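These notes are about the structure you will find just below.
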Amino acid sequence: MSNSDLFSQHVLATYGRFPLVPVRGEGCQLWDETGKRYLDFCSGIAVCSLGHCHPRVVAAIHDQAGKLLHVSNLYQIPQQAQLAAEINTHHVRIPGKIFFSNSGAEANDGLIKSARRFGHKRPQADGSPRFEVITFQQSFHGRTLGSMSATGQAKIQAGFDPLLPGFRYLPFNNIVALEAGIQPQTAAILLEPIQGEGGVHSATPEFLRAVANLCRKHDLLLLFDEIQTGFGRCGDAMAWRMIAPEIEPDGISWAKGMGGGVPIGAFWLNDRAIDDAGTPLPALMGPGSHGSTYGGNPLVCAASLAVLQEIREKELAAHAILMEVRIRETIRTWQLPIITEIRGSGLLLGVQLDPELVPTPEGKTPALVVATRLMERGLLVPPAGPNTFRLLPPLNVTEEEIDEALAIIQAVLTALNSPLSAT
């Protein structure tokens, strides 16, 4: 029985999968079952920060697997403490506490629960709890019921109502709408510094500063979803610092690139006091308030620590900026009308296409058409909305790999840009 037949017979069809069966990876390269080689500029959708099978990560997994895979969170797990110290000291660089989960959606659920607890501790004037979290249109925060309810995309939520109440979706980068949207029941604002799944749209410095100021003015929690953007992907350990470095959030969620391929997520809460008695924000999430059977087990924490130390020690966030410049400058020289804009920062870049110049069969989008043609030529990229594809190579991608990928993109887009492309 073929792999496709096995999938159709036994696996729930919740993904629109490309006809590709990867079997081996090394660095930025991936090979399928036929032996064909690909440049992987998808990286598991920004997960494989160091590429495939990085020796340091493989060694960390191998070493920890021979000692202890899993132990309950009823006990102290030293790898959690080491990983949390690495994150607080070198990446966030603000005192705080961290909870380890299995995914980004779970991490965002933790932030949502923290906001609800905060709204009980700091209620409305009449004593009733604050519970609402403001998010933004075209955001993406996950697919659990809580994180899906926070996501500002109707297509993600369709058919799953009634959703978890307590969310308000406002236009991204619109300060006036945000000021008007804050209500007495609002407890927090949650946003991605750069919206990844929503098309790679960056928050403007003015907007991010306005969000921070309004949070202080109205006693709201400022929560950043750094699941796709964090840990060097956008040119700094934290993407918000690429936009407005002076801001200090109250909470942050992570996953994807922090594990380099192992299933780990986390959320962080600022140690700041939230009342005159000096109660620290993390104290709201005490024993019994949250939990995870597998979250932060020794194996995934050991792997994540190896990933984050490698990113920091090799200064891969700075390397991401250098590669961004190389990509932007090269694409600029092509002068192809089919490319209307390049958005994003570091190695989270979105290439927007002119849909009028992409022959698109019914049921497909321009981004999907281009991603498919690039895959046929040996380059893997994920779409980001109907008219944009993303470039998400490993943070240690080489100049030669960048140039090879760009040559493939140029060839495919030049052919589509030609008047003969529709024939």
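Here are the numbers for this structure:
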| quantity | calculated |
| --- | --- |
| Helices (runs of 4 or more DSSP H) lying entirely in the stretch 1-79 (those with 2 or more residues that are outside the structural domain of residue 346 (by TED's automatic domain parsing) and under 26 Å from residue 303 (Cβ atoms)) | 55-65 |
| Of residues in the stretch 1-48 being touching a Pro at 6+ places or on another chain (Cβ under 9 Å) and acidic (Asp, Glu), the one surrounded by the fewest Cβ atoms within 10 Å (Cβ to Cβ) | 33 |
| Residue ID - surrounded by the most Cβ atoms within 10 Å (Cβ to Cβ), chosen from residues in the stretch 49-92 that are touching a Lys or Arg at 6+ places or on another chain (Cβ under 9 Å) and more than 19 Å from residue 263 (Cβ to Cβ) | 91 |
| Whichever residue in the stretch 364-385 is assigned to a strand (DSSP E or B) and touching a residue at least 24 places away in the same chain (Cβ under 8 Å) and, among such residues, is farthest from residue 414 (Cα to Cα) | 380 |
| Residue in the stretch 314-321 that is over 21 Å from residue 231 (Cα atoms) and free of Cβ contacts under 8 Å to residues at least 60 places away in the same chain present | no |
| Residue in the stretch 184-199 that is assigned to a strand (DSSP E or B) and in contact with a Cys (Cβ under 7 Å, 6 or more places away or on another chain) present | yes |
| Hey, residue 325 assigned by TED's automatic domain parsing to the domain that holds residue 45, closer than 25 Å to residue 237 by Cα, among the aliphatic types (A, V, I, L, M) and surrounded by 20 or more Cβ atoms within 10 Å (Cβ to Cβ) or not | no |
| Pair list, Cβ under 7 Å, 6 or more apart: the stretch 208-221 residue more than 12 Å from residue 274 (Cβ to Cβ), other residue surrounded by fewer than 19 Cβ atoms within 10 Å (Cβ to Cβ) | 208/244; 209/244; 210/175; 214/179; 214/182; 218/182 |
| Lone qualifier among 106, 86 - being touching a strand residue (DSSP E or B) at 6+ places or on another chain (Cβ under 6 Å), part of a helix (DSSP H, G or I), more than 22 Å from residue 217 (Cα to Cα) and at pLDDT 95 or above | 106 |
| Filter result for the condition that a residue is touching an Asp or Glu at 6+ places or on another chain (Cβ under 8 Å) and buried (at least 16 other Cβ atoms within 10 Å of the Cβ), over 110, 152, 96 | 96 |
| Qualifying residues in the stretch 328-372 (those that are within 22 Å of residue 19 (Cβ to Cβ) and among the charged types (D, E, K, R)) - the one surrounded by the fewest Cβ atoms within 10 Å (Cβ to Cβ) | 362 |
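The values are calculated or read from the model by the stated rules, or taken from the named source; none is laboratory data. None of these values were measured; they are calculated from a predicted model. Positions of Cβ are generated from backbone atoms using ideal geometry, with glycine treated the same way; all protein chains shown enter the neighbour counts.
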